[in-house]
Structure formats: C-alpha cells, structure tokens
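The values are calculated or read from the model by the stated rules, or taken from the named source; none is laboratory data. Note that the coordinates shown come from a computational prediction; the quantities given were computed from them, not determined experimentally. Cβ atoms come from the backbone with ideal geometry, glycine included; neighbour counts cover every protein chain shown.
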Amino acid sequence: MTLPRHAGRIAAVVAVVSLVAALVVSGAFDDFSLERTADRVRGFGPLGFVVFLLAFAFVQPLGVSGHTFVLAAALVWPPWLAFGLSLVGALGSALVNVGFARWVAFDWVQARIPERLRKYEGWLQRGLSGLVLFRMLTFTMHPAQLLIGVMRIPLPRLIAGTAIGFAPTVALDVWFGGALLRRLLAWLGLE
C-alpha cells in the first residue's frame, strides 16, 4: 500500500491544527497578549533583528511562507523598521534558495522545475524588468526561487531585481496585512 503523495503535508497540517486547538482549549492563550509578546521581542534589541533575519533567510526556504515572517514583523516593530527587516529577510531567503539551486543541488533542482515556469526562462534572462515583475508576482514561492537559481542570472541583477520586485509585496503585507491582522487579533481578543 502506498501513501497519497501529500500525506506528509496533510499530517503536518493536521498536527499543527490539533496543537493549536489543544492550546486554545487548555487555556494556554488566556493570558496571551500580543503587545507583551512584541515587547519581549523588541527587548532583545539588535539581537532580535539578527534572529528574525536568520530565521527568515534559513527557515523560509524550508517551506514557511514569506508572508508569515513579514506579518510577524509588522506586529512587532514599527512599519518602516518592519518593512526594512522584512525586505532584507526576504532577500536573504531568496539568496539561500538561489545558492542551494546553483551550487548544492543544480541537477536535482533542474529536474524538478515545473514546466509551467520554464516558459518564462528566456523572458527572465533578458533584463531587469522581467525579473522585477516575476519577483513581484511570485514573491518567495519556492519553485520560482529555484527556477531563478538554475538560470544563472548575474548576481547584481538578481539582487536588484529581487529587492525591487519584493518591495511592493512586503509593503502591502506590512501596512495593510499588519493592520488587518491586528484587527483580527483584537476581534479574537488576543491583542
């Protein structure tokens, strides 16, 4: 008997949902305060920035959405600081993905790039504008990050295009997503 293709992911989602439900039912969040938690993180000062950047750069490539990190930053730090940290963190995660695709597992990654993304290769290699638009539309989506890694786009153009392309998504997440999330948490009584 073989397990369904996504059995591991389904099991992980069920485990996380079950854990959160158990914590809520147990009363573990009864004395939770977003502001107290944010104050603790801010209390770490520059060390908090470093831990956030390292987590974004090295945990996001393992499958965590980049939006998760940006929204967390929006809840902890003032908007301009959250924007700057999140943009640097997203760029770090992109460089980790690109480094993995270029220098660690080139052939493995090359074999796993979805065909629907391959049609963009020529367009992305021509100039900065295509790369900026692609990054804006895909943000930190793993197949897109890996595709760019195996394309051998020159590093200066890759960094510039990625930073410019990520900036609108990060700004939207910080200012709009952060405000929306704060309202949701307040509605749930968790702020």
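Before moving on, here are some points about what is shown:
- Which listed residue, of Phe83, Phe49, is at pLDDT 95 or above, in the same structural domain as Phe134 (by TED's automatic domain parsing), within 24 Å of Leu180 (Cα to Cα) and in a helix (DSSP H, G or I): Phe83
- Unique match (being closer than 22 Å to Val64 by Cβ and of a type in the set (Gly, Ala, Ser)) among Ala186, Ala163, Ala111: Ala163
- Qualifying residue in the range 93-108 (condition: surrounded by 11 or more Cβ atoms within 10 Å (Cβ to Cβ), over 24 Å from Pro154 (Cβ atoms) and modelled with pLDDT under 90): no
- Qualifying residue in the range 102-109 (condition: without any contact (Cβ under 8 Å) to a residue 40 or more places away in the chain, under 27 Å from Val13 (Cα atoms) and over 14 Å from the mean Cα position of the chain (by Cα)): yes
- Selection from the range 107-130 of residues that are in contact with a helix residue (DSSP H, G or I) (Cβ under 6 Å, 6 or more places away or on another chain) and not aliphatic (A, V, I, L, M): Gln110, Pro114, Trp123, Gly130
- Looking only at residues in the range 63-83 that are within 10 Å of the chain's Cα centre (by Cα) and surrounded by fewer than 18 Cβ atoms within 10 Å (Cβ to Cβ), the one that is nearest to Phe100 (Cα to Cα) is Gly63.
This table checks each residue for (1) crowded, with 18+ Cβ neighbours inside 10 Å; (2) within 24 Å of Ala73 (Cβ to Cβ).
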site: Gln110; (1), (2): no, no
site: Arg126; (1), (2): no, no
site: Arg135; (1), (2): yes, yes
site: Thr140; (1), (2): yes, yes
site: Met151; (1), (2): yes, no
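- Residue selected from the range 112-124 under the condition over 21 Å from the mean Cα position of the chain (by Cα) and basic (Lys, Arg), by the criterion surrounded by the most Cβ atoms within 10 Å (Cβ to Cβ): Arg118
- Of all residues in the range 154-164, those being more than 14 Å from the chain's Cα centre (by Cα) and buried (at least 18 other Cβ atoms within 10 Å of the Cβ) number 2.
- The residues of the range 169-180 that are exposed (fewer than 15 other Cβ atoms within 10 Å of the Cβ) and under 14 Å from the mean Cα position of the chain (by Cα) amount to a single one, Leu172.
Rundown of residues vs (1) over 30 Å from Ala38 (Cβ atoms); (2) of a type in the set (A, V, I, L, M), yes/no style:
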residue	(1), (2)
Ala74	no, yes
Phe83	no, no
Ser86	no, no
Gly89	no, no
Gln110	yes, no
Tyr120	yes, no
Phe134	yes, no
Leu146	yes, yes
Pro154	yes, no
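- Residues of the range 158-178 include none that is over 22 Å from Phe83 (Cα atoms), aliphatic (A, V, I, L, M) and either in the same structural domain as Ala57 (by TED's automatic domain parsing) or without any contact (Cβ under 8 Å) to a residue 60 or more places away in the chain (or both).
- Some residue of the range 19-27 being in contact with a helix residue (DSSP H, G or I) (Cβ under 9 Å, 6 or more places away or on another chain) and either modelled with pLDDT of 80 or more or in a loop (DSSP other than H, G, I, E, B) (or both): no
- Members of the range 52-80 found to be within 19 Å of Leu180 (Cβ to Cβ), touching a Gly at 6+ places or on another chain (Cβ under 9 Å) and aromatic (Phe, Trp, Tyr), listed by number: Phe69, Trp77
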